[in-house]
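One structure below.
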Amino acid sequence: MGKTEAPRCSRRGCRAEATWALVWNNPKLHTPDRRKVWTACDEHREYLSTFLDMRGFLRETVPMAEFEG
C-alpha cells in the first residue's frame, strides 16, 4: 500500500505542505451546496483568501487538521 502524500498549497509554484483549507464556490456556476477547496500554506493563506473573498467566492477557512473533505 502506498503512502498518502500530504496536501500541498494551491498557490502556483508553491510546494509547501498545506495547513489551511479554503472552502469556496462560485454562485454563478455552482449550486449553493456545492463546495470546492483550495489548500494553502501559512505564507499564502491571506493571498488566496483575499483572491476568493474579493470575488464573493470564499465560504470558510478551516485548519487542515479540522477539515473534513
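First select every other residue whose beta carbon is under 10 angstrom from the beta carbon of VAL23; then total the charges, Lys and Arg +1, Asp and Glu -1.
+2
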Report task. Arrange the peptides 18-25, 61-68 so that the one whose residues have, on average, the most other Cβ atoms within 10 Å appears first. Result -> 18-25, 61-68
Query - 222 nm mean residue ellipticity, helices alone, for the chain (DSSP H n ≥ 4; -39,500 (n - 2.57); rounded to 500) - result: -4500 deg cm²/dmol
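Given an 8 Å cut-off on Cα distances and at least 6 residues of separation, report the relative contact order of the chain as a percent.
Here the relative contact order equals 36 percent.
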Query - Degrees between helix 45-54 axis and first principal axis of the chain (Cα, 0 to 90, nearest 10) - result: 20
**Report entry** Gained length - ARG12 relative to ALA65, 0.36 nm times residue gap less alpha-carbon distance
**Finding:** 16.8 nm
Report task. Return P(r) of the chain (all Cα-Cα pairs; 10 Å bins starting at 0; whole %; ordered from short to long distances). Result -> 22, 49, 25, 4, 0
Requested in this report: Pop a pseudo-label 7 angstrom from the Cα along the beta-carbon direction at both ARG35 and PHE51 and give the gap in nm to one decimal.
Outcome: 2.1
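Any read-out appearing in this document is the output of simple, stated calculations on the displayed coordinates, not a laboratory observation. What you see is a predicted model, and the numbers here were worked out from it, not measured in a lab. Backbone-built Cβ (ideal geometry, glycine too); neighbour counts: all protein chains shown.
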